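Participant: Dropping a structure here in structure tokens format, bear with me for questions.
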Amino acid sequence: MQIAGSSALVTGGAGGLGEATVRRLVADGARVVIADLADEKAEKLVADLGGAAVYHRTNVTDDDSVAGAVAAAVALAPLRVAVNAHGGMTAAMRVLNKDGSPMPQALFDKTVSLYLSGTFNVLRQSAAAMAAQEPLESGVRGVVINTASIAAYEGQVGQSDYSAAKAGVVGLGLVAARDLSAVGVRVMTIAPGTFFTPAFRMEEEAAQEMWGKTVPFPKRMGRADEYAALVSTIVANDYLNGETIRIDGAQRFGLK
């Protein structure tokens with residue numbers, strides 16, 4: 001699927017993976033809506049891209065907020081691509097703390113709401129907008145790319161909420177692809193390993209020393225532009241559908 005002349009929506013578009021994706025999609029010829037809550041970073045990115053992108057302040061867990069972002073994308077050009085790359089702060093906590101007290105249910109619910117329900121919210125509303133567009137010559141109308149994590153498969157100690165949410169994203173992919181096959185909308189999932197982004201709040205050299213050496217090869221953390229390149233490949237190849245692709249340098253999480 002060629003996306004030149006089309007629009008794309010990227011949640012978390014001002015963040016590490018999201019920003020790289022926005023820049024790659026613009027380079028591929030799309031006009032992009034940056035859906036995020038980071039006003040300052042998003043506005044700077046819009047300025048850098050010189051009119052090829054717009055910012056729409058978006059809370060992925062809010063129906064009206066997502067609807068506004070989707071409408072902003074449709075106003076730019078036919079919506080063909082949606083990428084769920086949003087993140088958020090999570091607190092590592094075991095199911096039972098050392099004092100025997102259980103993890104607060106509210107913490108689990110908040111994480112699942114952000115990473116799983118928020119992903120589904122963007123998926124369903126983007127797919128509805130894509131289904132209303134004219135199909136391309138191949139019959140495809142669009143593609144939604146969700147972001148899981150290798151924690152969906154090998155959750156570490158203290159990640160029960162995050163691992164469950166990301167496993168839900170993986171499980172959603174095939175069913176959604178089957179549901180949307182009738183309208184020509186593909187659904188793919190990317191499961192990144194340990195990627196260096198500003199969310200680490202530390203210098204890259206220190207982060208690489210701490211986490212990069214746990215990756216078999218290449219022996220380093222992933223780069224955001226490598227994630228974005230995979231997004232671009234998925235967009236271009238219409239036969240990629242209903243699958244989760246790990247991008248992790250053969251990394252497998254251990255207990256901690």
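Participant: Looking at segment 233-256 only, could you name the residues that are in contact (Cβ under 8 Å) with a residue 40 or more places away in the chain, of a type outside the set (D, E, K, R) and exposed (fewer than 12 other Cβ atoms within 10 Å of the Cβ)?
Facilitator: Gly254, Leu255
Participant: State which residue is nearest to Gln133 (Cα to Cα) when the search covers only segment 70-102 and only residues that are touching a Leu at 6+ places or on another chain (Cβ under 7 Å) and without any contact (Cβ under 8 Å) to a residue 40 or more places away in the chain.
Facilitator: Restricting to residues being touching a Leu at 6+ places or on another chain (Cβ under 7 Å) and without any contact (Cβ under 8 Å) to a residue 40 or more places away in the chain, the top hit is Gly88.
Participant: OK, next. Out of Gly87, Gly68, report the one residue that is in contact with a strand residue (DSSP E or B) (Cβ under 8 Å, 6 or more places away or on another chain) and either of a type outside the set (Lys, Arg) or buried (at least 17 other Cβ atoms within 10 Å of the Cβ) (or both). Give the derivation first.
Facilitator: Details: Gly87 fails: in contact with a strand residue (DSSP E or B) (Cβ under 8 Å, 6 or more places away or on another chain).
Exactly one residue qualifies, and that residue is Gly68.
Participant: In segment 86-123, how many residues are in contact with a helix residue (DSSP H, G or I) (Cβ under 7 Å, 6 or more places away or on another chain) and part of a helix (DSSP H, G or I)?
Facilitator: 11
Participant: Follow-up question, since we're still on this one. Residues of segment 233-248 being of a type in the set (Ser, Thr, Tyr) and in a strand (DSSP E or B), which ones? Can you show your working first?
Facilitator: As a first pass, look at segment 233-248 and keep what is of a type in the set (Ser, Thr, Tyr): 233, 239, 244.
Hit for segment 233-248 is Thr244, nothing else.
Participant: So, one more: How many of the residues making up segment 1-19 are modelled with pLDDT of 95 or more and more than 16 Å from the chain's Cα centre (by Cα)?
Facilitator: 2
Participant: Can you give me the number of residues within segment 124-173 that are of a type in the set (S, T, N, Q), part of a loop (DSSP other than H, G, I, E, B) and buried (at least 17 other Cβ atoms within 10 Å of the Cβ)? If you could, list the steps in order and put the result at the bottom.
Facilitator: Step one: list which residues in segment 124-173 are of a type in the set (S, T, N, Q), which gives 125-126, 133, 138, 146-147, 149, 156, 159-160, 163.
Add one more test, that the residue is part of a loop (DSSP other than H, G, I, E, B), and what stays is 133, 138, 149, 156, 159.
Within this subset, residues satisfying the condition of being buried (at least 17 other Cβ atoms within 10 Å of the Cβ) are 133, 149, 159.
The number of residues fulfilling the criteria is 3.
Participant: Would a scan of segment 32-40 turn up a residue that is charged (D, E, K, R), assigned to a helix (DSSP H, G or I) and buried (at least 24 other Cβ atoms within 10 Å of the Cβ)?
Facilitator: No; the residues of segment 32-40 include none that is charged (D, E, K, R), assigned to a helix (DSSP H, G or I) and buried (at least 24 other Cβ atoms within 10 Å of the Cβ).
Participant: Only one of these is under 14 Å from the mean Cα position of the chain (by Cα), at pLDDT 95 or above and assigned to a loop (DSSP other than H, G, I, E, B): Val22, Val60, Val83. Name it.
Facilitator: Working: Val22 fails: assigned to a loop (DSSP other than H, G, I, E, B); Val83 fails: assigned to a loop (DSSP other than H, G, I, E, B).
Within the list Val22, Val60, Val83, the selection yields Val60.
Participant: When you scan segment 182-205, do you find a residue that is at pLDDT 95 or above, buried (at least 20 other Cβ atoms within 10 Å of the Cβ) and part of a helix (DSSP H, G or I), even just one?
Facilitator: Among the residues of segment 182-205, not one is at pLDDT 95 or above, buried (at least 20 other Cβ atoms within 10 Å of the Cβ) and part of a helix (DSSP H, G or I), which makes the answer no.
Participant: May I pose another question? What are the pairs, 6+ residues apart or on separate chains, where a residue within segment 213-232 that is outside any helix (DSSP H, G or I) has its Cβ under 8 Å from a residue that is exposed (fewer than 15 other Cβ atoms within 10 Å of the Cβ)?
Facilitator: Qualifying pairs under 8 Å: Val215/Ala250; Pro216/Ala250; Phe217/Ala250; Lys219/Lys213.
Participant: Something else about it: Can you report the number of residues in segment 22-81 which are among the acidic types (Asp, Glu) and closer than 19 Å to Val231 by Cα?
Facilitator: Of the residues in segment 22-81, 2 are among the acidic types (Asp, Glu) and closer than 19 Å to Val231 by Cα.
Participant: Quick one: in segment 161-184, of everything that is under 17 Å from the mean Cα position of the chain (by Cα) and not small (Gly, Ala, Ser), which residue is farthest from Lys41 (Cα to Cα)? Outline the logic, then answer.
Facilitator: Step one: list which residues in segment 161-184 are under 17 Å from the mean Cα position of the chain (by Cα), which gives 162-174, 176-177.
After this cut, where a residue has to be not small (Gly, Ala, Ser) as well, the list is 162, 166, 169-170, 172, 174.
Values: Tyr162: 25, Lys166: 26, Val169: 27, Val170: 29, Leu172: 30, Leu174: 33 Å.
Looking at the filtered set, the residue picked out is Leu174.
Participant: How many residues are within 24 Å of Asp28 (Cα to Cα), surrounded by 19 or more Cβ atoms within 10 Å (Cβ to Cβ) and of a type in the set (A, V, I, L, M, F, W, C) when one looks only at segment 206-229?
Facilitator: So in segment 206-229, the residues within 24 Å of Asp28 (Cα to Cα) come out as 222-229.
Among the residues that remain, those that are also surrounded by 19 or more Cβ atoms within 10 Å (Cβ to Cβ) are: 222, 224, 227-228.
Then drop every residue that is not of a type in the set (A, V, I, L, M, F, W, C), which leaves 224, 228.
Residues in segment 206-229 being within 24 Å of Asp28 (Cα to Cα), surrounded by 19 or more Cβ atoms within 10 Å (Cβ to Cβ) and of a type in the set (A, V, I, L, M, F, W, C): 2 in total.
The values are calculated or read from the model by the stated rules, or taken from the named source; none is laboratory data. Everything quoted here is computed from the prediction, not taken from an experiment. Ideal geometry is used to build each Cβ from the backbone, glycine not excepted, and the neighbour counts take in all protein chains shown.
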